[in-house]
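The values are calculated or read from the model by the stated rules, or taken from the named source; none is laboratory data. Because the structure is a prediction, the values reported are computed rather than measured. Because the Cβ atoms are built from the backbone with ideal geometry, glycine has one as well, and the counts that use them run over all protein chains shown. Surface areas here come from the heavy atoms of the whole protein model, side chains and all, with no ligands, DNA or RNA. Shrake-Rupley method; radii C 1.70, N 1.55, O 1.52, S 1.80 Å.
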Amino acid sequence: MRSVLGVVRELFRPWRDPRTWWGLVHLTLGIGGAFSFAVVFALLAMSAGFLFIPFLWPFAAVTLWTLFLTGRFVGHVERSRYSALLGVELADPVPRLQGRHVWNRFFERFRVGARWREIAYGLLLFPLGLSTAMVALMAWAGSAALLMLPLYVHWLPEDTAHFGLFEIGADTPGVFAAASAGLAGLALFAPWLTRGLVRLVESVGRWLLAPARPDQLGERVRQLETSRVAAVDSAEAERRRIERDLHDGAQQRLVSLALGLGAARERLETDPERGRQLVAEAHEEAKAALKELRDLVRGIHPVILEDRGLDAALSAVVARSAVPVRLHVDVAQRPSPAVESTAYFVVAEALTNVARHAKATEAHVNIVRSGNRLVVEVRDNGIGGADTDGGSGLAGLRNRVAAHDGRLHVVSPPGGPTTLLAEIPCGS
């Protein structure tokens, strides 16, 4: 008896699994791949055409550059769709561009197979999405039509349903046989077919949008090694900064405080008025030293961040900002302390850059948790021109984020505005 019930439960398992219904939504949305197909195909055709005419090669370069950008956009959107609807996390296999100049970065794109696979996915998305969506929808709609046939067959011409090679009349036993087939289709065939089509689409996505094995594994190891080295360099730079701040700030004030108290002790008996004045000056030096130590500790790891989280800690940063800032934090589940600390310093350093370099009149900070990623966005209406390879502190932020296997993107055209976007994995 138990084995029979087990078989029945297994047969109807797709109905209890939310992935069946989210998979159906995913398949249906695949029809939207017509847009990516049209754009990618047009850019490929234009690039090929321009390459045969030498004086049109500049236009070929522009269309090829646009083609790679379109492929990246399609890849990002599709990986997000797989994550949101199917719960399938596809790691981005495209390495960060290393070239320092525009042309170096342009030709570097040609050597990355993952970028070409994204373009191939943009071409394949429409025929694959259309065919799988049509098959799935026809299975569900056809089964429902057969199940409801006894209810509407009398409204058909000649009270007969025509199915190509055969037909079913209203007064024939075939009506109830069709209804039984429709019931079986809705209960078993359509759900299992949907799951099979989802597996097919998922396998194509893993093949074209995720890191390949084993050649991409070596590239992934190199990326992790690079991020580890960057994290070590960032930690060493932070240690030197703390040492310098202690030496130039609090240490000097404490030395001055000790000298002032020594002088005050000598004067208290011979010149009480001057002694009291020296004590008062030493008191001010002590308060200044305490303030510098508090600022230094806050720069290492603010206590309020550990106690109350990002919203409270960044509210304090925003309150001290020289530029008006609008803050929005939507993090229902707190990430690990290390991720929180990285997000805090990304925002703090970004707002410091806004105040120093951007000439902005306002800024916006948005922090949300999307699945297992913490997304940090900082926008301003300044003059733009920020460069992660420059000396504005953005290179250090990129190293901080890379240490968590995250990504930092900066869009800052001359004239502005500037948008900084950090995506930090936070599985905890």
Quarter of the Cα convex hull surface for the stretch 4-66, i.e. its orientation-mean projected area (nm²): 6.4
Computed magnitude of the charge dipole of the stretch 64-157 (debye, nearest 20; Cβ of K, R +1, Cβ of D, E -1): 540
³J(HN,Hα) computed for each position of the stretch 80-85 - Karplus, 6.51 cos²θ - 1.76 cosθ + 1.60, integer Hz, glycine/proline x: 5, 5, 4, 5, 6, 9
Long-range HN-HN contacts of R373 with modeled amide H, under 5 Å: C426
By accessible area with a 1.4 Å probe, ligands and nucleic acids excluded, highest first: order of S80, S336: S80, S336
Loop-resident sites, the stretch 98-134, for trypsin sites (Lys or Arg not before Pro), counting at most 11 other Cβ within 10 Å (DSSP): R100, R111
Calculated over the stretch 309-402: convex hull of Cα atoms, volume per residue (Å³): 90
FRET efficiency estimate (nearest 0.05) - Cβ-Cβ, R16 to L151, R0 22 angstrom: 0.20
Residue-level accessible surface for R407, protein heavy atoms, 1.4 Å, Å²: 60
In Å², nearest 10: area of E78 left accessible to a 1.4 Å probe: 10
Calculated from backbone phi, Karplus (6.51, -1.76, 1.60) coupling profile of the stretch 344-352 in Hz, x at Gly/Pro: 4, 6, 4, 5, 4, 5, 5, 5, 4
Relative contact order for the stretch 74-140, counting Cα pairs under 8 Å that sit 6 or more residues apart, in percent: 25
Apportionment of accessible area to carbon and sulfur, the stretch 1-77, percent (1.4 Å): 82
The stretch 304-321 - phi-based ³J(HN,Hα) in whole Hz, Karplus 6.51/-1.76/1.60, Gly and Pro as x: 4, 5, 5, 7, 10, x, 5, 4, 5, 5, 6, 4, 5, 5, 5, 4, 8, 5
Computed E for L268/S315 - FRET, C-beta separation, R0 51 angstrom, nearest 0.05: 0.65
Potential lengthening between I53 and A332 on full extension [0.36 nm per residue; Cα-Cα distance subtracted]: 94.8 nm
Extension gain from W207 to A187, taking 0.36 nm per residue of separation minus the Cα-Cα distance: 4.1 nm
Segment E89-W116, length gained on full extension (0.36 nm per residue, minus Cα span): 7.7 nm
